[in-house]
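Peer 1: Okay, here's the structure, questions in a sec.
Derivation of every value follows stated rules applied to the coordinates shown; laboratory data play no part. Everything quoted here is computed from the prediction, not taken from an experiment. Neighbour counts run over all protein chains shown; Cβ positions are idealised from the backbone, glycine included.
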Amino acid sequence: MAGSATLGTNLVDRLVPMVDRLRSSLYPAMGVRQYAVYLVRRRWSGARRGEGTITVLSRVELTPAPRVDFGGLRTQLEPHGFLEDGSVRLTEVSLTYTEAELTGRPLAANEEFFYKLVDAHGQASKTRYFTPTDAPLEVDREKDIGWKVSLKDCDPQGGDVE
């Protein structure tokens, strides 16, 4: 499912549906996007995050699958296992998504929003969770034709209930 952005009449905006169709067919055929990326919104039954029980309000897969750059993610060996910390960057995120869709805004006090990255090709890569570091202010309309979204590592409260 693509986003709800209203595209303009300029050449780049008119090309977005074609770019998305090509990415949606070519990337899976070539197997070059390791992760399926989901936008997850959850609500707690209490007044604030972490209070009560969790209900998943929405789980939307970003299509076509964006490019995930793990260059800012660091792994450190600890006595209890590996500890990951840092950030990742998504590029080639379809311009059909709005800033609000990519940030989860607005959020109520008892809601949380995060990105869930799931292995898409059977290598059993662990599922990873991230939250936006800020609004995705950078839109690349010249090279990648898509949003650039910066994310930071997170651990959703209550675990993943999906």
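Peer 1: Tabulate in residue order the Karplus-calculated ³J(HN,Hα) for region 69-80, using 6.51 cos²θ - 1.76 cosθ + 1.60 with θ = phi - 60°, rounded to whole Hz; enter x for Gly and Pro.
Peer 2: Once θ is set to phi - 60°, the couplings for region 69-80 become 10, 8, x, x, 9, 10, 10, 10, 7, 10, x, 8 Hz.
Peer 1: Quick one: 3J(HN,Hα) in Hz for region 39-45, Karplus 6.51/-1.76/1.60 with θ = phi - 60°, rounded, Gly and Pro as x.
Peer 2: Whole-Hz 3J(HN,Hα) from phi for region 39-45: 9, 10, 10, 10, 10, 8, 6.
Peer 1: A further question on this structure: So which trypsin sites (Lys or Arg not before Pro) in region 102-149 pass both tests, a DSSP loop state and at most 12 other Cβ atoms within 10 Å of the Cβ?
Peer 2: Those that pass, being in a loop and sparsely packed, are K126, K143.
Peer 1: Which whole number of Å³ per residue matches the convex hull of the alpha-carbon atoms in region 56-96?
Peer 2: Each residue corresponds to 108 Å³ of Cα convex hull volume.
Peer 1: Also, quick follow-up: If you fit an axis through the alpha-carbon atoms of helix 11-30 and take the longest principal axis of the Cα set of the chain, what angle between them do you get, 0 to 90°, nearest 10?
Peer 2: Approximately 60 degrees, to the nearest 10.
Peer 1: Put a dot 7 Å past each Cα toward the Cβ at H121 and H80; how far apart are the dots in nm?
Peer 2: Distance between label points: 3.2 nm.
Peer 1: Shifting gears a bit: Among the lysines, select those whose C-alpha is under 25 Å from the C-alpha of K143, and discard any that sit fewer than 8 residues away in the same chain.
Peer 2: Partners within reach: K152.
Peer 1: Can you give the FRET efficiency to the nearest 0.05 for M18 and E61, using r as the Cβ-Cβ distance and R₀ = 25 Å?
Peer 2: 0.80
Peer 1: Give me the percent of Cα-Cα pairs in region 11-153 that sit more than 27 Å apart, rounded to a whole number.
Peer 2: The answer is 27 percent, as a whole percent.
Peer 1: Same structure, new question: Where a Cα-Cα gap under 14 Å defines reach, which aspartates and glutamates qualify for K148, not counting those fewer than 8 residues away within the same chain?
Peer 2: Within the straight-line limit of under 14 Å, K148 reaches these aspartates and glutamates: D69, E92, E99, E101, D134, E138, D140.
Peer 1: For region 11-153, calculate the relative contact order in percent as a whole number, restricting contacts to Cα pairs under 8 Å that are 6 or more residues apart.
Peer 2: About 26 percent, as a whole number.
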